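The values are calculated or read from the model by the stated rules, or taken from the named source; none is laboratory data. This is a predicted model, so every value here is computed, not measured. FYI the Cβ positions are ideal-geometry reconstructions off the backbone, even for glycines, and counts take in every protein chain you see.
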Protein chains: 2
Amino acid sequence: MTRIAICAPATPITRDHAAALEALVAEEFPQHSVWFHEQCFASQDHFAGPDQQRMDALVECANHPDYDAVWFAKGGYGSNRIAQAATTFMDGEARRKTFVGFSDMGYLLAMLYKLDIGQQVHGPMPVSARSESGREGVRRVLRWFSGDTSGVEPSVDGRTPTAAFNLITLSMIAGTPLMPDLRGHVVMVEEVSEHLYAVDRLFFHLTNLLPPGLAGLRLGEVNHVPENDREFGQSAEDIARFWCARMGIPYLGRAQIGHYAGNHVVPFGLASPAGAA
Amino acid sequence: MTRIAICAPATPITRDHAAALEALVAEEFPQHSVWFHEQCFASQDHFAGPDQQRMDALVECANHPDYDAVWFAKGGYGSNRIAQAATTFMDGEARRKTFVGFSDMGYLLAMLYKLDIGQQVHGPMPVSARSESGREGVRRVLRWFSGDTSGVEPSVDGRTPTAAFNLITLSMIAGTPLMPDLRGHVVMVEEVSEHLYAVDRLFFHLTNLLPPGLAGLRLGEVNHVPENDREFGQSAEDIARFWCARMGIPYLGRAQIGHYAGNHVVPFGLASPAGAA
């Protein structure tokens, strides 16, 4: 069984989201347990409470001896504001934990991965438990906690170190103290709700800042692209191929990650796809 | 008199834009001349022609002995794709020229400034010559070419080196080979059409990547902020103050630059406000 603590380092969820996940776990995954930190429901302006409250809840979950994993409730924006400070206060309990989330949670996964604190996992989040399509993503994570690898991104082989990020998130991490050493890694990136010219701009920046010696790059889902007043003229995959070729990074094809029902689990590093269960 | 060549390293203008600027110059600034490179009107998908065509036109204007200045016709997106390659081909003629533009043209201004090619100037562009409010910005540049400093951003004093950029543009430049040495500089940033959470995210990234020892940061106009489903809770200036304080950068107040009628001229470096006229 996996005892999972849930907090919200960026934006809040509602009690309906929590109830939906609790019902799903009770019905389908009785071997696991989920506990929602009260901070998940806090709200101050854009965030799930002020920086200090979000950081305190994250550190409490990470250091709590009664839990095996920390599942981030939702993305949005804001975990970058607390990532460095939070890891300052994490102890040995945090180092044996699994941390799961994606999108804005990439700031935390990056910082934790850099400092080798626990096992970081890109994966769907509790906020998705209210919709039928979202629930299937949530089940992938819960199955993974049970040792069932059917929800792991198909290209993950446990032999090449891997990391997965939202494109903007990794672009904002690159060059900062949050950036882990990605040499030798397969890096997967996905994006949502961005113009293709912005995707091109982000690839310019990111491919300039990624270290030499990547194993390669995979492109996840790029969806909900807004209408522009003119066509960009290249698809998202054209853009990825263009910048990878220009910067000498092997382009390895697509990955099943992103802001869609097909979002899969990607354990960071050399973790066995079979997980920590 | 200043003989000005105009090209479009990102997106195209129309012949109406060109005619409007020609009329304004003929009527109000007969001491100057403007020449539009035919590439200004080229179009391929998002861009004013393919990368190669845009680069060739830029290099032709920069190296042309008959002109004193290169004025970039319009921003948009795309000059980052050609900035490094273009400077490879610039010669001694380019080094005595003045280059004027802003927004996406920041990639070129950065690269030229880094390589000490000519005098770089943040300022309004020919695309604005068709509207009455835009024309006033265009006049600031043309007056500056005449030695009239009334259109220079008021805080520029010629004693502290200065550079001005769009916030996203400088964030994408930081960490790449385009980034000039900004130690000791006053850095001005402006933004348009971005959510405040994205402005916060960009400040996180940029203030982490700017060098130590900045003279300080000034915030230009931040406008056309889209509606979000929740209030961010901090103004753009709150955000600038927050990240400057956190990263030890002196926050110096506002600057009159940006995507609005009040956009002023900022000569890069230690250039006298009086310009090259």
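Suppose the filter is touching a residue at least 12 places away in the same chain (Cβ under 8 Å), part of a strand (DSSP E or B) and of a type outside the set (D, E, K, R); does A:Val222 pass it?
Against the criterion (touching a residue at least 12 places away in the same chain (Cβ under 8 Å), part of a strand (DSSP E or B) and of a type outside the set (D, E, K, R)), A:Val222 qualifies.
Filter segment B:188-203 down to residues that are surrounded by 22 or more Cβ atoms within 10 Å (Cβ to Cβ) and either free of Cβ contacts under 8 Å to residues at least 24 places away in the same chain or not acidic (Asp, Glu) (or both), then give me how many there are.
8
Residue check, A:Gly248 against (1) in the same structural domain as A:Thr176 (by TED's automatic domain parsing); (2) closer than 25 Å to A:Gly101 by Cα, all met but one. Which one?
Every condition holds for A:Gly248 apart from (2).
Counting just the residues of segment A:189-205 that are among the aliphatic types (A, V, I, L, M) and under 16 Å from A:Tyr107 (Cβ atoms), which one comes out farthest from the other protein chains (Cβ to nearest Cβ)?
Start the filter on segment A:189-205 by keeping residues that are among the aliphatic types (A, V, I, L, M), which leaves A:189, A:192, A:196, A:198-199, A:202.
Next cut, under 16 Å from A:Tyr107 (Cβ atoms) only: A:189, A:202.
On the way: A:Val189: 15, A:Leu202: 8 Å.
My answer is A:Val189.
Residue check, B:Gly75 against (1) in a loop (DSSP other than H, G, I, E, B); (2) within 24 Å of B:Ile173 (Cα to Cα); (3) more than 14 Å from the chain's Cα centre (by Cα), all met but one. Which one?
In the conditions (1) in a loop (DSSP other than H, G, I, E, B); (2) within 24 Å of B:Ile173 (Cα to Cα); (3) more than 14 Å from the chain's Cα centre (by Cα), B:Gly75 misses (3) alone.
Mind checking whether some residue in segment A:62-84 is touching a helix residue (DSSP H, G or I) at 6+ places or on another chain (Cβ under 8 Å) and of a type in the set (Asp, Glu)?
No, the conditions are met nowhere in segment A:62-84.
Residues being surrounded by fewer than 18 Cβ atoms within 10 Å (Cβ to Cβ) and either within 20 Å of A:Ala261 (Cα to Cα) or out of contact with any strand residue (DSSP E or B) (no Cβ under 6 Å at 6 or more places or on another chain) (or both): count how many of those fall in segment A:156-187.
7
Please give the number of the condition B:Ile168 fails out of (1) within 9 Å of chain A (Cβ to nearest Cβ); (2) part of a helix (DSSP H, G or I); (3) under 22 Å from A:Pro50 (Cα atoms).
Here B:Ile168 clears every test but (3).
Looking only at segment A:78-98, decide whether some residue is closer than 17 Å to A:Gly137 by Cα, of a type outside the set (Lys, Arg) and either in contact with an Asp or Glu (Cβ under 6 Å, 6 or more places away or on another chain) or assigned to a loop (DSSP other than H, G, I, E, B) (or both).
There is no residue in segment A:78-98 that is closer than 17 Å to A:Gly137 by Cα, of a type outside the set (Lys, Arg) and either in contact with an Asp or Glu (Cβ under 6 Å, 6 or more places away or on another chain) or assigned to a loop (DSSP other than H, G, I, E, B) (or both).
Scan segment A:225-247 and give yes if some residue there is under 26 Å from A:Gly78 (Cα atoms), of a type outside the set (Val, Ile, Thr) and in contact with a His (Cβ under 9 Å, 6 or more places away or on another chain), otherwise no.
Among the residues of segment A:225-247, at least one is under 26 Å from A:Gly78 (Cα atoms), of a type outside the set (Val, Ile, Thr) and in contact with a His (Cβ under 9 Å, 6 or more places away or on another chain), which makes the answer yes.
Looking at segment B:19-39 only, could you name the residues that are out of contact with any Lys or Arg (no Cβ under 8 Å at 6 or more places or on another chain) and under 19 Å from B:Glu60 (Cα atoms)?
Hits for segment B:19-39 are B:Val34, B:Phe36, B:His37, B:Glu38.
Looking at A:Leu214, A:Leu182, which one is over 17 Å from the mean Cα position of the chain (by Cα), more than 10 Å from chain B (Cβ to nearest Cβ), among the hydrophobic types (A, V, I, L, M, F, W, C) and not in a strand (DSSP E or B)?
None of the other options fit; the residue is A:Leu214.
Answer yes or no: is there a residue in segment A:220-233 that is of a type in the set (Gly, Ala, Ser) and more than 14 Å from chain B (Cβ to nearest Cβ).
Scanning segment A:220-233 turns up at least one residue that is of a type in the set (Gly, Ala, Ser) and more than 14 Å from chain B (Cβ to nearest Cβ).
Taking the condition assigned to a helix (DSSP H, G or I), β-branched (Val, Ile, Thr), touching a Ser or Thr at 6+ places or on another chain (Cβ under 9 Å) and closer than 25 Å to B:Tyr260 by Cβ, does B:Val70 pass?
no
Quick one: in segment A:234-245, which of the residues that are over 24 Å from A:Phe102 (Cβ atoms) and surrounded by 17 or more Cβ atoms within 10 Å (Cβ to Cβ) is nearest to the other protein chains (Cβ to nearest Cβ)?
In this case the residue turns out to be A:Gln234.
Go over the candidates B:Gly137, B:Gly158 one by one and state the one that is assigned to a loop (DSSP other than H, G, I, E, B), more than 14 Å from chain A (Cβ to nearest Cβ) and in contact (Cβ under 8 Å) with a residue 40 or more places away in the chain.
B:Gly158
Those residues that are within 14 Å of chain B (Cβ to nearest Cβ) and among the acidic types (Asp, Glu), I need them from segment A:33-86; list them, please.
Listed by number, the residues that qualify are A:Asp45, A:Asp51.
From the list B:Glu231, B:Glu191, exactly one residue is of a type in the set (Asp, Glu) and touching a helix residue (DSSP H, G or I) at 6+ places or on another chain (Cβ under 7 Å). Which is it?
The unique qualifying residue is B:Glu191.
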